[in-house]
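Comments concern the structure below.
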Amino acid sequence: MSKTVARLIVESLEAHDVDQVYCVPGESYIGLTSTMVERNSMRVVVCRHEAGAAFMAAADGRLRDRAGVVMVSRGPGLANGLVAVHSAYHDATPMVMIVGQVERKDFGRLALQEQNYSVLLGDITKQVIEVNEPEMAAEAMARAFHLAESGTPGPVAVVLPEDIFDDTTDVPVDAPRPHVAAAPRSQDVDRLMEMINKAERPLVLVGGGLMADAIRDPSVFSDLNTLAETWVLPISPTHRRPQLFDANHPNYGGYMGIRVPPALMDEMKRADLMIALGERMTDTVSQSYSFPTAPEPQLPLVHVWPDPNEVGRVWRPDLGIPASPHETIKCLLERGAPSDSARRQDWIDGLHKIHRDLLAKEWEPTTDGVNFAAIVCEVDKHLADDATVTSDAGNFGSFLHRYIGFKQTQVFLASVVGAMGSGMPMAVAAAMRRPGKQVVAFMGDGGALMMGNEIATAMQYGAAPIIIISDNAMYGTIGMHSYVRYPERAIMDGTRLTNPDFAAWARTFGAEGITISDESEVADGIAAAFAVQTKPVVVHCKTSAIQMSAWRRYERADTLP
């Protein structure tokens, strides 16, 4: 039976269990959205900016470990969404982006907003699939989801001309490809066991690949915990993945984020084996390629990642295992722990003590605003065990990782690559995907005015995140880098910001607005924010610029950028 290409694509999305798509409506794919609305099998979330829509799709993909779907119009629409596509590519987040294109009869004429998307997107997607014949549509959608979700996950773009949606075809829906989880070879498990048995001070890093496995199979965390306890191994979650191991577990070996505090880093560098378990490995995790050093690590390295093209791409591992991290854990558990594993207990205890000391709820008051530590510590008291926390990019994020003891039952969403503007749309997506669950977004004043307008989307769809804005009237991270690298030039206006009253701004959308200007207002202000459950609430925190991060202050206020 013939059907339109638009109908075929909608049925393909249904077959891939898509129940929600994000977009800023555009004329170049209006044939598709009109069919979606008419069929009414999935929610079409109308957003306020294509970057916001794409960040929501990225968050949705990470929450489900299935490709989130965003639809953008050609030219400016796609260009607006590129920051989130870039983030998804670097963060190994599955995403399918549907891009409208000019009509086929106008190809190559530089028609309105026409571009060559294979060239434009070639460096930040896994593949660009151009559909110019109706018979290609279903196969293209199935291939896009398969590529986005397999190996190293990432974004895939499907480009469709505006005039193709009304064409008809007899081609049936192409069924989803089954998920493939590679297991390690027996000889690799033998070698891994041998390396662990030999090590006195191993360090296990766990990253996004393990999080993806955990969404498919909740037993991942119990298996990881069993491995840590029976094999006596320290576990260190990596940058922007703090929820992968309970911060209060005695085997927690410290957070391997960006710029690890010296006390912890110095101890970690005593390790005689590093196992990157589901961690892609980047410059942020490796402390700018210094631990492990690239390309030749200064200690034995085992790299477990489900894509053979990634294992060995930057570092030369002593053992590379292109496999599911969970399958690797299960293989180790099946073999059983060696009888003398307990000899590593002192090593774990030492790492964990440093971690606990760093996690202590201690800070010094500041004179130019509230020390953001006070805000974060108060929020931590209210966080539910199943809360979702999102974080924009910026130095304020360091307070989260220092003062919040994340749990495996919680969800943490952020742009691992550090794209500003992600915090608000990710919170909106999480609140829509997990209705009734607590969602708390942290962002700076810079990021808040990049994508903060998506609070309108939250209002439109009944999402009710709590939004904590750290307003220190500057781009704090860049100010810090300027101060550290060029102290003799630190007096400048290059990072200063002039901000609105964010509480009043929130109220113009119909959200609740709360202002905290002094540390004495923190407890009541945060309690009031968590008491609001039926609409978004913005907490405008007037914070210190002197306290540039959770670990560092400007030595003199008069040297502030």
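The values are calculated or read from the model by the stated rules, or taken from the named source; none is laboratory data. All of these numbers come straight from a predicted model, not from anything done at the bench. Glycine gets a Cβ as well: all are built from the backbone with ideal geometry, and neighbour counts include every protein chain shown. Accessible surface is based on the protein model in full, side chains and every heavy atom, while ligands, DNA and RNA are left aside. Shrake-Rupley method; radii C 1.70, N 1.55, O 1.52, S 1.80 Å.
Name the one entry in 447, 418, 397, 423 that is touching a helix residue (DSSP H, G or I) at 6+ places or on another chain (Cβ under 6 Å), at pLDDT below 95 and under 23 Å from residue 283 (Cβ atoms).
Exactly one residue qualifies, and that residue is 447.
Check whether at least one residue in the range 100-117 is within 30 Å of residue 323 (Cβ to Cβ) and either assigned to a loop (DSSP other than H, G, I, E, B) or in contact with a Phe, Trp or Tyr (Cβ under 9 Å, 6 or more places away or on another chain) (or both), and report yes or no.
The answer is no, given that none of the residues of the range 100-117 is within 30 Å of residue 323 (Cβ to Cβ) and either assigned to a loop (DSSP other than H, G, I, E, B) or in contact with a Phe, Trp or Tyr (Cβ under 9 Å, 6 or more places away or on another chain) (or both).
How many of the residues making up the range 1-34 are open to solvent by 10 Å² or more (accessible area, probe 1.4 Å), of a type in the set (Ser, Thr, Tyr) and touching a strand residue (DSSP E or B) at 6+ places or on another chain (Cβ under 7 Å)?
Count: 3.
Looking only at the range 298-311, count how many residues are open to solvent by less than 40 Å² (accessible area, probe 1.4 Å) and either touching a residue at least 40 places away in the same chain (Cβ under 8 Å) or over 15 Å from residue 204 (Cβ atoms) (or both).
6
Do you know which of the residues in the range 514-545 that are buried (at least 18 other Cβ atoms within 10 Å of the Cβ) and in a loop (DSSP other than H, G, I, E, B) is modelled with the lowest pLDDT?
545
Is there any pair linking a residue in the range 119-130 that is closer than 11 Å to residue 156 by Cβ to one that is of a type in the set (D, E, K, R) and part of a helix (DSSP H, G or I), with Cβ under 9 Å and at least six apart or on different chains, and which?
127/143; 129/143
Scan the range 43-62 and report the pairs whose first residue is in contact (Cβ under 8 Å) with a residue 12 or more places away in the chain and whose second residue is open to solvent by 20 Å² or more (accessible area, probe 1.4 Å) and among the aromatic types (Phe, Trp, Tyr), with Cβ atoms within less than 7 Å and a gap of 6+ or a chain change.
Pairs that qualify, where the first residue is in contact (Cβ under 8 Å) with a residue 12 or more places away in the chain and the partner is open to solvent by 20 Å² or more (accessible area, probe 1.4 Å) and among the aromatic types (Phe, Trp, Tyr), are 45/461.
Counting only residues that are open to solvent by less than 10 Å² (accessible area, probe 1.4 Å) and among the polar types (S, T, N, Q), which one in the range 389-400 is farthest from residue 445 (Cα to Cα)?
My answer is 390.
Somewhere in the range 223-234, is a residue modelled with pLDDT of 95 or more and under 22 Å from the mean Cα position of the chain (by Cα)?
Among the residues of the range 223-234, at least one is modelled with pLDDT of 95 or more and under 22 Å from the mean Cα position of the chain (by Cα), which makes the answer yes.
Among the residues that make up the range 337-351, is at least one of them touching a His at 6+ places or on another chain (Cβ under 6 Å) and either within 24 Å of residue 254 (Cβ to Cβ) or in a helix (DSSP H, G or I) (or both)?
No, there is no match, as no residue in the range 337-351 is touching a His at 6+ places or on another chain (Cβ under 6 Å) and either within 24 Å of residue 254 (Cβ to Cβ) or in a helix (DSSP H, G or I) (or both).
Within the bounds of the range 259-273, is there any residue that is touching a Pro at 6+ places or on another chain (Cβ under 6 Å) and farther than 26 Å from residue 390 by Cα?
Checking the range 259-273: at least one residue is touching a Pro at 6+ places or on another chain (Cβ under 6 Å) and farther than 26 Å from residue 390 by Cα.
Report those helices (runs of 4 or more DSSP H) wholly inside the range 174-277 carrying at least 2 residues which are under 20 Å from residue 345 (Cα atoms).
186-198, 219-230, 262-268
Is the range 267-284 home to any residue that is open to solvent by 50 Å² or more (accessible area, probe 1.4 Å) and at pLDDT 95 or above?
Yes, that holds for at least one residue.
Any chance the range 477-488 includes a residue that's closer than 21 Å to residue 379 by Cβ and open to solvent by less than 70 Å² (accessible area, probe 1.4 Å)?
Yes, the range 477-488 has at least one match.
Okay, residues lined up against (1) buried (at least 23 other Cβ atoms within 10 Å of the Cβ); (2) without any contact (Cβ under 8 Å) to a residue 40 or more places away in the chain:
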{"site": "148", "(1), (2)": "yes, no"}
{"site": "165", "(1), (2)": "yes, no"}
{"site": "194", "(1), (2)": "no, yes"}
{"site": "197", "(1), (2)": "no, no"}
{"site": "217", "(1), (2)": "no, no"}
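Restricting attention to the range 44-97, report how many residues are of a type outside the set (A, V, I, L, M, F, W, C), in a helix (DSSP H, G or I) and surrounded by fewer than 24 Cβ atoms within 10 Å (Cβ to Cβ).
Looking only at that region, the number is 7.
Residue by residue, here is whether (1) open to solvent by 10 Å² or more (accessible area, probe 1.4 Å); (2) outside any loop (DSSP other than H, G, I, E, B); (3) closer than 23 Å to residue 512 by Cβ holds:
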{"site": "402", "(1), (2), (3)": "yes, yes, no"}
{"site": "408", "(1), (2), (3)": "yes, no, no"}
{"site": "413", "(1), (2), (3)": "no, yes, yes"}
{"site": "431", "(1), (2), (3)": "yes, yes, yes"}
{"site": "442", "(1), (2), (3)": "no, yes, yes"}
